[in-house]
Amino acid sequence: MNINLKSTGLLTVLLLTACASVPNGPSAMALPGTGKDFEQFRYDDATCRQFAHDQIGGTTANQAANDSFARSAVVGTALGAAVGAAAGGGEGAGVGAATGLLVGSAVGVEEANVSSYGAQRRYDNAYIQCMYAKGHRVPVSGRILNERQRRPAYYPPAPATYPPPPPGYAPSVPNAYPR
């Protein structure tokens, strides 16, 4: 029974600390350009991956997420300890630090997701620009219009004059400057 309780506790800790990681590299597809062989494509792909990595400051999306999470947890712990010490002395500092760590970690998870997404998006944009500039094809999402849909819609022209107001119409705001 004691071993079962320990393994359940260990499993709970492992599940709480598990996280998904963003792959290192582009999440956009690129295809060899017209007249480009595969070896040239591979060379350009490696060059553009390095370019995109440099454009986001030399970190990966996972590193940005981890840094953001750690900062939030540290700030939460420090603030919790300070508030706990001010409210309850030495014993309150420990409780405040634990509470701050828990709250800071919860906030840190969301901050990590935002940082990871932003870094990946900037990486993808730089990669796509580089591959496109080197003459490769980069499919982008969007709606493709056929010839019929490209014609502008017909909108009737605006009236030359506006009709008079209906009889008995009074403006909702009375004249502020009487004559």
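The values are calculated or read from the model by the stated rules, or taken from the named source; none is laboratory data. Just so it is clear, the model here is predicted, and its values are computed rather than measured. We place every Cβ from the backbone using ideal geometry, glycine too, and count neighbours over all the protein chains shown. What goes into the accessible areas is simple: the full protein's heavy atoms, side chains included, and nothing from ligands, DNA or RNA. Shrake-Rupley method; radii C 1.70, N 1.55, O 1.52, S 1.80 Å.
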Handout entry: Residue in segment 151-160 that is at pLDDT below 70 and of a type in the set (Lys, Arg) present
Key = yes
Exercise for the section: Filter segment 104-136 down to residues that are aliphatic (A, V, I, L, M) and either on the phi > 0 side of the Ramachandran plot or at pLDDT 80 or above (or both), then give me how many there are. Expected result: 5
Handout entry: Residue, most open to solvent (accessible area, probe 1.4 Å), within segment 24-51, restricted to residues that are closer than 20 Å to ALA112 by Cα and in contact with a helix residue (DSSP H, G or I) (Cβ under 6 Å, 6 or more places away or on another chain)
Key = SER27
Handout entry: Of all residues in segment 52-64 being open to solvent by 40 Å² or more (accessible area, probe 1.4 Å) and in a loop (DSSP other than H, G, I, E, B), the one that is modelled with the highest pLDDT
Key = GLY57
Handout entry: Meets criteria (charged (D, E, K, R), under 17 Å from the mean Cα position of the chain (by Cα) and either modelled with pLDDT of 55 or more or open to solvent by 90 Å² or more (accessible area, probe 1.4 Å) (or both)) for ASP67
Key = yes
Exercise for the section: Return the total of residues in segment 95-142 being of a type outside the set (Val, Ile, Thr), open to solvent by less than 90 Å² (accessible area, probe 1.4 Å) and under 30 Å from ASP37 (Cα atoms). Expected result: 14
